[in-house]
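Note sheet for the following structure.
The values are calculated or read from the model by the stated rules, or taken from the named source; none is laboratory data. Because the structure is a prediction, the values reported are computed rather than measured. Positions of Cβ are generated from backbone atoms using ideal geometry, with glycine treated the same way; all protein chains shown enter the neighbour counts. SASA here: full protein model, heavy atoms, side chains in, ligands and nucleic acids out. Shrake-Rupley method; radii C 1.70, N 1.55, O 1.52, S 1.80 Å.
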Amino acid sequence: MLGNDEKISVVYHCPACDNIFLATYGDPVDIAYFHEPTKLFFGELESLAPQTPEGISIPECVETISPNFCEIYGQAAAAEAAGLDQVCGSGYRKALEFLVKDYLSGKYPEKEEEIKKNRLGNAIDKIENSGIRELARRGAWLGNDETHYVRKHEGRDVSDMKRFIRSMLTFIDAEQTLSDALSIPSK
């Protein structure tokens with residue numbers, strides 16, 4: 001007979017993707033039938049591993065502007081998928097900083113070293129596009145909440161910061177697309 005606090009883990013194979021995964025169930029129950037071997041009924045599903053990070057569509061221009069952003073954001077998403085909710089926010093905050101500074105360095109290559117050394121808030125102030133600037137500013141505030149002991153923005157969390165970052169990507173992509181369109185000479 002299994003105890004009430006025991007768990008059972010089962011390894012499964014997915015025929016669609018050919019990967020294996022682990023399912024953990026809580027509170028398994030033994031049920032003995034008349035003249036039949038003991039059968040085990042699984043309890044409630046508690047977890048699946050490995051978890052796949054939430055996909056994010058990163059525009060090609062952003063991949064070119066800031067490959068470090070892409071890598072850091074992916075690592076933060078992997079941490080979040082693994083249940084590391086106490087550290088993924090600081091990863092998203094770092095990704096935001098790289099995105100902002102690489103974006104500005106692309107616009108002002110002559111000031112690249114200065115931009116990289118600036119504090120994030122000072123760099124954000126240099127963004128001309130008000131949409132990108134305000135999303136970055138507020139995303140940084142929420143990112144700081146993820147790294148400090150006392151939160152300043154109760155009721156906001158990592159999901160809000162990720163939403164702001166995704167919107168920044170849309171703005172940057174639109175800005176790059178407009179720049180490309182404007183490069184076509186009028187006839």
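Packing order of peptides 72-81, 93-102, 141-150, 14-23, highest average first: 93-102, 72-81, 141-150, 14-23 (average count of other Cβ atoms within 10 Å over each peptide's residues). Over the chain, with every protein chain in place, what whole percent of the accessible area is carbon and sulfur at 1.4 Å, could you tell me? Carbon and sulfur atoms account for 53 percent of the accessible area of the chain.
Does segment 110-156 come out rounded, prolate or oblate by the C-alpha gyration tensor, with a ≥ b ≥ c the root eigenvalues, rounded set by a/c under 1.5 and, if not, prolate when a/b is larger than b/c and oblate if not?
Working: a/c = 4.46, a/b = 1.70, b/c = 2.62.
Oblate is the answer for segment 110-156, as a/c is 1.5 or above yet b/c matches or exceeds a/b.
Quick check on packing: order 153-161, 107-115, 166-174 by the mean number of other C-beta atoms within 10 Å, highest mean leading.
On the way: 153-161: 14.3, 107-115: 12.6, 166-174: 17.8.
Result, highest mean Cβ count within 10 Å first: 166-174, 153-161, 107-115.
The mean accessible area for residues of the chain, using a 1.4 Å probe and ignoring ligands and nucleic acids, is 66 Å² per residue.
Annotation: amide H of E46 within the under-5 Å range of T24, Y25, G26, sequence separation 5 or more or interchain, hydrogens built in the peptide plane. Legend: residue pairs K116/K187; K7/K162; K7/K152; K101/K152; K116/K152; K126/K152, Cα-Cα distance threshold 30 Å; pairs beyond threshold, K116/K187; K7/K162; K7/K152.
Short-range pairs are left out: with C-alpha atoms under 8 Å and at least six residues apart, the relative contact order of the chain is 14 percent. Within the chain, the whole DSSP H helices whose Cα atoms reach 18 Å or more along their own axis and whose mean Kyte-Doolittle score is at least 0.0 are 67-81, 158-182. Fraction of C-alpha pairs exceeding 18 angstrom in segment 45-140: 51 percent, rounded to a whole number.
Stretched out straight at 0.36 nm per residue, the stretch from D125 to V150 would grow longer than its current Cα-Cα span by 6.5 nm.
Remark: the Cα gyration tensor places segment 73-187 in the prolate category, a/c being 1.5 or greater and a/b exceeding b/c.
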